[in-house]
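The values are calculated or read from the model by the stated rules, or taken from the named source; none is laboratory data. None of these values were measured; they are calculated from a predicted model. Note: ideal-geometry Cβ built from the backbone for every residue, glycine included; neighbour counts use all protein chains shown. Only protein heavy atoms, including side chains, enter the accessible area calculation; ligands, DNA and RNA are left aside. Shrake-Rupley method; radii C 1.70, N 1.55, O 1.52, S 1.80 Å.
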Amino acid sequence: MTHARGERSALCDLFDRLGPDAPTLCTGWTTYDLAAHLVLRERRPDAMSGIAIKPLAGYTASVQNGLKARHPYPELVGLVRKPAGVYALLPVLDEAVNALELFVHHEDVRRAQPSWEPRELADDLDRLIWKRVSAGARLMLRRSPVGIVLHRLGGGVALGGARQGPKVEVTGTASELLMFCFGRQRHARVELTGEPRAVDQVRNATLGV
C-alpha cells in the first residue's frame with residue numbers, strides 16, 4: 001500500500017468514527033465539509049480553481065455545498081475512500097499528488113480533537129515528508145514576512161521566507177515542519193527561536209501552497 005492509500009484509508013476510518021459534525025483545523029469546516037472538499041478536489045476538476053484563486057472561490061464553495069446536499073455523509077466518505085480518475089489507475093501519481101495532502105488533512109481532523117498526540121511514523125514516510133518539505137520550502141513559505149530556517153530533528157535544513165532581515169529558526173520532526181509549512185503553525189509542535197517580533201510574524205503569517 002502506498003502512503004497516499006494508507007492516509008486515505010486512515011482518514012476515512014476517522015471520518016466514520018467521528019461523524020459529520022466534528023471540528024477540523026480548516027477554519028469553519030466540519031468533517032462533512034472536509035469530506036466534500038476532498039471529493040471536489042478529485043472528482044470535480046472544473047471547480048478546483050477556486051481553491052487557489054479567490055475570484056473563483058464562490059463557485060467552488062457552491063459546488064462543495066452541492067456535494068453535501070446531494071450526498072449523505074457516509075456516501076461522501078465512501079467516495080473519498082476510493083481514488084478517482086487517474087489516481088485510481090495510477091497509484092504512482094496518487095502518491096505524488098495526494099500523499100502529503102491526505103496526511104495534512106488527516107492531521108487536520110486528528111489535531112482538532114481533544115488530547116491528540118503526534119503519531120510515530122514509519123521511516124520511509126518520514127523521509128518522504130522531509131524530501132517534499134525541503135524541496136517545497138521556498139514555495140510554502142514565500143508569504144512569510146521574515147526569513148525561516150527549518151531544522152529537522154535527526155538532520156536536515158531548509159530555507160524559506162524573506163531573504164533579507166531577521167530570521168526565525170523552526171525546529172521539529174519532518175511531519176511537524178510539514179504542518180507548520182502548510183499554515184498550521186499554531187497546531188504544529190515545533191520550537192521557534194528568534195526575535196520576539198519576528199516569531200510573532202511567523203506564527204501569524206499565511207503559509208502554504
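Rounded, prolate or oblate, given the Cα gyration tensor of segment 1-72, with a/c below 1.5 counting as rounded?
Details: a/c = 1.91, a/b = 1.42, b/c = 1.34.
Because a/c hits 1.5 or more and a/b exceeds b/c, segment 1-72 counts as prolate.
Mind checking Rg over Rh on the chain, alpha carbons, Kirkwood formula for Rh? Present the calculation step by step, with values, prior to reporting the outcome.
Details: Rg = 17.4 Å, Rh = 17.9 Å.
Rg divided by Rh gives 0.97.
When you have a sec, figure out the Kirkwood radius of segment 76-132 from all distinct Cα pair distances and drop it here in Å to one decimal?
Radius from the Kirkwood sum: 13.0 Å.
What is the angle, in °, between the Cα long axis of helix 123-140 and the longest principal axis of the Cα atoms in the chain? Nearest 10 is fine, range 0 to 90.
70 degrees
Taking only Cα atoms, what is the 0 to 90° angle, nearest 10, from helix 3-18's long axis to the longest principal axis of the chain?
70 degrees
Are there chymotrypsin sites (Phe, Trp or Tyr not before Pro) in segment 1-72 that DSSP marks as loop and that have at most 15 other Cβ atoms within 10 Å, and which are they?
Values: sites: PHE15, TRP29, TYR32, TYR59; in loops: TRP29.
Answer by residue number: there is no such site.
Antiparallel as a % of all DSSP beta bridges within segment 136-209, to the nearest 5?
Bridges in segment 136-209 are about 55 percent antiparallel.
Antiparallel versus total DSSP beta bridges in the chain: what percent is that, nearest 5? Write down the numbers at each step before the final one.
Details: 9 of 15 bridges.
Roughly 60 percent of the DSSP beta bridges within the chain come out antiparallel.
Let me make sure I get this right: for segment 23-144, a, b and c are the square roots of the gyration tensor eigenvalues over alpha carbons, sorted descending. Under 1.5 in a/c it's rounded, otherwise prolate if a/b > b/c, else oblate. Which is it?
Cα axes put segment 23-144 in the rounded bin.
Counting other Cβ atoms within 10 Å, which chymotrypsin sites (Phe, Trp or Tyr not before Pro) in segment 115-209 have at most 16 and lie in a DSSP loop?
TRP116
Considering only protein heavy atoms and a probe of 1.4 Å, how much of the accessible area of the chain is carbon and sulfur, as a whole percent?
56 percent
Using a 1.4 angstrom probe, figure out how much accessible area the chain has per residue, in square angstrom, rounded to the nearest whole.
50 Å²
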